[in-house]
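In what follows, a single structure is set out as structure tokens and then discussed.
The values are calculated or read from the model by the stated rules, or taken from the named source; none is laboratory data. Computed from a predicted model, the values in this text were never measured in an experiment. Reconstructed Cβ throughout: ideal geometry from the backbone, glycine too, with neighbour counts over all protein chains shown. Note: areas computed on protein heavy atoms with side chains; ligands, DNA, RNA excluded. Shrake-Rupley method; radii C 1.70, N 1.55, O 1.52, S 1.80 Å.
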Amino acid sequence: MNAVIEKLQATVIDRQEHPREGSYTCELFAAGEAEILKKLGEEAVEVVVAASLQGDDRVIYESADLVYHLLVALVAKGLRWEDVEAELAKRSR
């Protein structure tokens, strides 16, 4: 697993298990699955808009937001990035 993704996932898991006041990640978990999925959808749209109308820097920025919110959604469902990697590995054969 990519070291950056691994560290981010560990932070997301830690926030889920040990909520901290003022943490955006904790706010998402407290808001519940529907809010997490709403934010994930919003971020996906922002990537599409950036790719269509904005420069590469904006596409990268919005993609980072999308990956973060995807990790939060995965962790909320009891899944991990490794599950996504395993699926991608199956598809590459």
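Scanning the range 8-28 for residues that are in contact (Cβ under 8 Å) with a residue 40 or more places away in the chain and under 16 Å from Asp65 (Cα atoms), we see that the one that is most open to solvent (accessible area, probe 1.4 Å) is Leu8.
Whenever a residue of the range 57-85 is more than 20 Å from Leu28 (Cα to Cα), its partners that are open to solvent by less than 40 Å² (accessible area, probe 1.4 Å), lying with C-beta atoms within less than 6 angstrom and at least six residues away or across chains, give the pairs Arg58/Ala50; Val59/Ala50.
Return the residues of the range 35-79 that are open to solvent by 70 Å² or more (accessible area, probe 1.4 Å) and not in a helix (DSSP H, G or I); say none if nothing qualifies. Gln54, Lys77, Leu79, listed by residue number. Do we have Leu88 as part of a helix (DSSP H, G or I) and surrounded by 15 or more Cβ atoms within 10 Å (Cβ to Cβ) here? No: the conditions fail for Leu88.
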